[in-house]
1. Any chance you could count how many residues in region 55-77 are over 14 Å from the mean Cα position of the chain (by Cα), of a type in the set (Val, Ile, Thr) and under 19 Å from TYR28 (Cα atoms)?
2. Where the second residue is open to solvent by 60 Å² or more (accessible area, probe 1.4 Å) and the first is of a type in the set (A, V, I, L, M) and lies in region 55-72, which pairs have Cβ atoms under 8 Å and are six or more apart or on separate chains?
3. Take MET75 and decide whether it is at pLDDT below 90 and either under 13 Å from THR9 (Cα atoms) or among the charged types (D, E, K, R) (or both).
4. What are the residues in region 65-95 that are open to solvent by 80 Å² or more (accessible area, probe 1.4 Å) and among the hydrophobic types (A, V, I, L, M, F, W, C), if any?
5. List the pairs whose first member sits in region 31-50 and is over 17 Å from ARG91 (Cβ atoms), whose second member is in a loop (DSSP other than H, G, I, E, B) and open to solvent by 70 Å² or more (accessible area, probe 1.4 Å), and whose Cβ atoms are under 8 Å apart, counting only residues at least 6 apart or on separate chains?
6. Could you count how many residues in region 34-78 are of a type in the set (Gly, Ala, Ser) and farther than 17 Å from MET96 by Cα?
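The values are calculated or read from the model by the stated rules, or taken from the named source; none is laboratory data. This one's a predicted model, so the numbers in the text were calculated from it and none came from an experiment. Cβ placement follows ideal geometry from the backbone for every residue including glycine, while neighbour counts extend to all protein chains displayed. Accessible surface is based on the protein model in full, side chains and every heavy atom, while ligands, DNA and RNA are left aside. Shrake-Rupley method; radii C 1.70, N 1.55, O 1.52, S 1.80 Å.
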Amino acid sequence: MSATLQLYTKSRQQLDTHGRSEIRLKFYDRPDYIDRLPAARHGDKVKVWCIKCFEKRVEEELARDETSGRPRRSMEELERSLWDLPHTTPRQLRWMARRRQVARAAAMRQYKRT
């Protein structure tokens, strides 16, 4: 993984992660969330990407740019395009809205395993 990937998104994450569950630390918030902009939400939920899924999508988009012959986009432009995907994009290809009850259920399953 290139060190330049996700620089924009990583740099825009909230530095104070105190109080976040272990599961929640595996997700990126939309970069605009730190500024409390409306685009960071889908309804009343924060837009998030699983970190590993986001890294994979960035790599796929870079490869697509290379094979299509398009000029290479900046990391910020590429990452913004992923965050700006409409909610009608298939779920496995886009961000998701953080659902508190889903994260809580996943955390409970993890707790029961230990």
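1. Counting residues in region 55-77 that are over 14 Å from the mean Cα position of the chain (by Cα), of a type in the set (Val, Ile, Thr) and under 19 Å from TYR28 (Cα atoms) gives 0.
2. Going by the 8 Å Cβ cut-off, the qualifying pairs are LEU62/ARG72.
3. Working: at pLDDT below 90: yes; either under 13 Å from THR9 (Cα atoms) or among the charged types (D, E, K, R) (or both): yes.
So MET75 fits the description; yes.
4. Start the filter on region 65-95 by keeping residues that are open to solvent by 80 Å² or more (accessible area, probe 1.4 Å), which leaves 66-67, 70-72, 76-77, 80, 84, 87-88, 91-92.
Matches in region 65-95: none.
5. Correct list of pairs: ALA39/ASP84.
6. Qualifying residue count for the region: 4.
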